[in-house]
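First up is the structure itself, then whatever we jot down about it.
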Amino acid sequence: MSYINTNCVQAGYTPKNGEPRVIPIIQSTTFKYDTSEAMAKLFDLEASGYFYSRLQNPTCDYVAAKICALEGGTAAMLTSSGQAASLISVFNVAGCGDHVIACSAIYGGTYNLFNVTMRRMGIEFSFVGPDCTEEELNAAFRPNTKAVFGETISNPSLAVFNFDLFSKAAHAHGVPLIVDNTFATPINCRPFEHGADIVVHSTTKYIDGHASTIGGVIVDSGKFDWDAHADKFPGLTTPDESYHGLTYTKAFGQGGAFITKATAQLMRDLGSSQSPQSAFYINLGLESLHVRIPRHCENAMAVAKFLESNEDVAWVDYPGLPSNKYYDRVQKYLPNGTCGVISFGLKGGREAAEKFMKNLKLACVVTHVADARTCILHPASATHRQLSDEELVAAGVSPDLMRLSVGIEDVRDIIEDIDNAIKAVKE
Ligand SMILES: Cc1ncc(COP(=O)(O)O)c(C=O)c1O
């Protein structure tokens with residue numbers, strides 16, 4: 001089974017004779033063994049098996065295995081949220097005294113996690129622009145740099161990641177490239193094919209796709225040779241005294257070391273595990289991901305074209321439009337489509353945006369994107385309302401910006417709703 005559409009439906013779980021056809025929800029914290037010796041082997045990671053759902057649970061593992069197949073990786077783990085996935089993916093290779101380079105065009109929550117919370121943990125971050133030159137990027141590296149982080153399509157700025165530039169620089173400096181592939185999903189982009197080593201997702205977005213379940217996932221490509229850069233990654237290449245003196249690369253090889261360490265050490269200690277019930281919902285989303293994503297993109301393209309041709313619209317930002325500054329990168333990395341999210345502003349600025357939002361009927365005002373239902377946010381009057389107009393511009397969010405997440409309803413209804421709300425602004 002190799003086609004991605006089939007993997008969305010079937011990968012990760014193959015029932016044996018008489019077992020449930022659908023991924024079962026194993027709602028159990030613990031797992032029973034006949035002897036202490038049998039359990040000891042599990043704790044020593046000498047035998048594989050479940051013992052406590054904070055570390056691993058079969059339902060979560062079936063779903064992680066499906067996402068692993070979709071991304072083309074060697075190992076994967078679910079996390080309680082996208083934030084937990086970003087935290088663990090970076091913390092698994094960088095600790096106090098280390099340095100990480102991140103593209104500045106990333107989700108605001110990730111930016112805050114890095115720039116505030118992880119700095120407090122003693123990790124330094126440098127941020128480089130999505131359109132930086134090779135020289136600027138190379139200049140950001142330090143001897144203690146341990147990873148480079150970027151986002152395939154950034155939320156909300158919709159910048160398309162320059163995979164070739166960032167992966168080349170990361171590898172030239174002997175560090176992995178970690179990519180948040182939330183907006184593109186593996187349907188539209190498979191970062192491992194463009195040089196990424198680790199992929200993370202907020203499964204809360206398109207993977208769930210129904211605004212029902214918070215979650216995250218980390219996938220390892222198995223391509224990064226930790227032993228070749230053993231001095232930089234002692235956590236993976238030397239004995240872990242907190243885990244019976246085990247060396248992850250020796251015990252689990254290049255394809256298994258990263259996820260095993262993240263599970264056995266960080267999930268054990270941080271406890272940001274996904275629940276089996278939530279994993280079940282995430283799988284329901286995955287089963288239709290390959291059907292929903294093309295519809296999101298098709299609808300978004302039609303809406304973006306409608307907005308671009310409307311005389312009351314001041315500007316439209318949608319990476320799929322030929323007029324977009326990232327169109328060439330889209331052709332290279334996302335030739336089948338980008339995502340359902342569009343940013344735009346009306347000619348009347350902030351005031352027009354506020355009036356427009358009030359007149360929408362089908363599109364709901366929510367602080368979410370990537371839902372099957374069309375939704376919209378005006379950051380200046382919601383998430384960023386404490387900022388002045390000048391501060392908004394400095395944060396890259398213009399006062400008139402509206403972030404529209406185009407759903408999978410009939411696009412004629414979506415366009416009519418937008419058209420009516422634009423007309424109402426002038427009344
Ligand atoms: C691109 C991206 N990454 C990560 C996150 C964080 O995910 P979560 O809300 O599941 O913690 C989000 C949330 O909006 C996101 O858009």
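The values are calculated or read from the model by the stated rules, or taken from the named source; none is laboratory data. A quick note: this is a predicted structure, and the numbers were derived from the prediction, not measured. Note that each Cβ is placed from the backbone with ideal geometry, even for glycine, and that neighbours are counted across all protein chains shown. Surface accessibility is based on the protein's heavy atoms, side chains included, excluding ligands, DNA and RNA. Shrake-Rupley method; radii C 1.70, N 1.55, O 1.52, S 1.80 Å.
General remarks:
- Checked against (1) aliphatic (A, V, I, L, M); (2) in contact with a Cys (Cβ under 7 Å, 6 or more places away or on another chain); (3) on the phi > 0 side of the Ramachandran plot, ALA363 meets all criteria but (3).
- With respect to (1) modelled with pLDDT of 95 or more; (2) within 16 Å of the ligand (Cβ to nearest atom); (3) open to solvent by 20 Å² or more (accessible area, probe 1.4 Å), the lone exception for LYS168 is condition (2).
- Some residue of region 15-38 being in the same structural domain as ALA64 (by TED's automatic domain parsing), more than 26 Å from the chain's Cα centre (by Cα), within 18 Å of PRO58 (Cβ to Cβ) and in a helix (DSSP H, G or I): yes
- Single residue of region 192-231 satisfying the filter (free of Cβ contacts under 8 Å to residues at least 60 places away in the same chain and not in a loop (DSSP other than H, G, I, E, B)) that is most open to solvent (accessible area, probe 1.4 Å): ASP227
- With respect to being more than 14 Å from the ligand (Cβ to nearest atom), in the same structural domain as ILE88 (by TED's automatic domain parsing) and either under 17 Å from ARG329 (Cα atoms) or out of contact with any strand residue (DSSP E or B) (no Cβ under 7 Å at 6 or more places or on another chain) (or both), ASN162 fits the description.
- Checked against the criterion of being modelled with pLDDT of 95 or more and within 16 Å of the ligand (Cβ to nearest atom), region 223-244 contains not a single residue that satisfies it.
- ILE408 vs. criteria under 27 Å from GLY109 (Cβ atoms), within 16 Å of the ligand (Cβ to nearest atom) and in contact with a helix residue (DSSP H, G or I) (Cβ under 8 Å, 6 or more places away or on another chain): no
- Residue within region 269-281 that is over 22 Å from the mean Cα position of the chain (by Cα) and charged (D, E, K, R) present: yes
- In region 384-427, the residues that are touching a residue at least 40 places away in the same chain (Cβ under 8 Å), among the hydrophobic types (A, V, I, L, M, F, W, C) and either in a helix (DSSP H, G or I) or open to solvent by 80 Å² or more (accessible area, probe 1.4 Å) (or both): VAL411, ILE414, ILE415, ILE418, ALA421, ILE422, ALA424, VAL425
- The set of residues from region 127-148 being in contact with a strand residue (DSSP E or B) (Cβ under 7 Å, 6 or more places away or on another chain) and without any contact (Cβ under 8 Å) to a residue 40 or more places away in the chain comprises PHE127, VAL128, PRO130, GLU136, LEU137, ALA140.
- Search result, residues across region 298-328 that are over 18 Å from THR182 (Cα atoms), free of Cβ contacts under 8 Å to residues at least 60 places away in the same chain and either outside any loop (DSSP other than H, G, I, E, B) or within 20 Å of the chain's Cα centre (by Cα) (or both): MET301, ALA304, LYS305, GLU308, TRP315, VAL316, TYR327, ASP328
- Within region 329-346, being of a type outside the set (A, V, I, L, M) and assigned to a strand (DSSP E or B) holds for SER343, PHE344, GLY345.
- Subset tally (residues that are touching a Lys or Arg at 6+ places or on another chain (Cβ under 7 Å) and either aromatic (Phe, Trp, Tyr) or buried (at least 20 other Cβ atoms within 10 Å of the Cβ) (or both)) for region 51-75: 1
- Residues that are in contact with a Phe, Trp or Tyr (Cβ under 9 Å, 6 or more places away or on another chain) and open to solvent by 50 Å² or more (accessible area, probe 1.4 Å) within region 311-347 comprise ALA314, TRP315, LYS332, listed in sequence order.
- Residue within region 123-132 that is within 16 Å of the chain's Cα centre (by Cα), open to solvent by less than 20 Å² (accessible area, probe 1.4 Å) and closer than 28 Å to ASP227 by Cβ present: no
- Every listed requirement among (1) open to solvent by 30 Å² or more (accessible area, probe 1.4 Å); (2) over 30 Å from PRO379 (Cβ atoms) is met by SER104 save one, (2).
- Test: ILE153 is away from the ligand (no atom under 11 Å from the Cβ) and closer than 19 Å to VAL200 by Cβ: no
- Qualifying residue in region 8-27 (condition: surrounded by 12 or more Cβ atoms within 10 Å (Cβ to Cβ) and closer than 23 Å to GLN254 by Cβ): yes
- Matching option when the condition is under 23 Å from THR237 (Cα atoms), free of Cβ contacts under 8 Å to residues at least 12 places away in the same chain, small (Gly, Ala, Ser) and surrounded by fewer than 21 Cβ atoms within 10 Å (Cβ to Cβ), among SER36, SER2, SER48: SER48
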